[in-house]
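Here's the structure we're looking at; comments come further down.
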Amino acid sequence: LCLKGFVGVRFNPYLWPKRESGGWESMSTGAGLAVYKRCAELHMPVGIMCFQGLQLHYNDILTLLEASPNTNMILDHFGFTSFTDEGSAAFQQLLKLAQHPQVHVKISALFRLQ
């Protein structure tokens with residue numbers, strides 16, 4: 001893909017296989033982890049769309065960051081956090097990700113913060 005002019009990869013955790021027990025398979029294992037690590041080698045960022053909230057994928061994201069610290073990560077739409085009671089905890093998680101210099105937050109869909 002890199003040779004064809006692609007400049008990044010997007011992970012949509014909801015396109016991973018569903019677990020029988022609920023939720024989705026982890027992005028930070030198997031093919032997801034292999035692609036994430038390969039993106040570091042190709043200097044391609046990985047964007048993550050946490051449509052249903054950062055809190056559902058926070059630990060998975062931490063695993064990716066620790067497994068491949070040279071991969072740049074972009075969290076779309078403020079990580080789908082908000083300033084509501086439920087979203088505020090997720091926003092605090094987003095702020096904690098600042099300790100990882102390879103994490104970038106796309107400031108978009110500001111209406112979601114309300």
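The values are calculated or read from the model by the stated rules, or taken from the named source; none is laboratory data. Note that the structure is a prediction, hence the values are computed from the model and not measured. Cβ: placed from backbone, ideal geometry, glycine included. Neighbour counts: every protein chain shown. These accessible areas exclude ligands, DNA and RNA; they are computed on the full protein's heavy atoms, side chains included. Shrake-Rupley method; radii C 1.70, N 1.55, O 1.52, S 1.80 Å.
Okay, here's what the table says:
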quantity: Helix 58-67 axis, angle to the chain major axis (alpha carbon atoms, nearest 10°); calculated: 30 degrees
quantity: Those lysines that a straight Cα-Cα span of less than 18 Å connects to Lys106, excepting residues fewer than 8 apart in one chain; calculated: Lys96
quantity: Rg/Rg_globular for segment 1-62, with Rg_globular taken as 2.2 N^0.38 Å and Rg from C-alpha atoms; calculated: 1.18
quantity: For the chain, calculated [θ]222 nm from helices alone, where every DSSP H run of n ≥ 4 adds -39500 (n - 2.57); calculated: -9000 deg cm²/dmol
quantity: 0 to 90° range, to nearest 10: angle between helix 30-41 axis and the chain longest Cα axis; calculated: 70 degrees
quantity: Radius of gyration and Dmax over the Cα atoms of the chain, both given in Å; calculated: 14.0, 45
quantity: Whole-percent carbon and sulfur share, accessible surface of segment 17-114, 1.4 Å; calculated: 55 percent
quantity: Summed residue charge, Cβ within 11 Å of Gly47's Cβ, Lys/Arg positive, Asp/Glu negative; calculated: +1
quantity: Antiparallel bridge percentage (DSSP; both residues within the chain; nearest 5); calculated: 10 percent
quantity: Degrees separating the helix 85-96 axis from the principal Cα axis of the chain, which is the longest one; calculated: 40 degrees
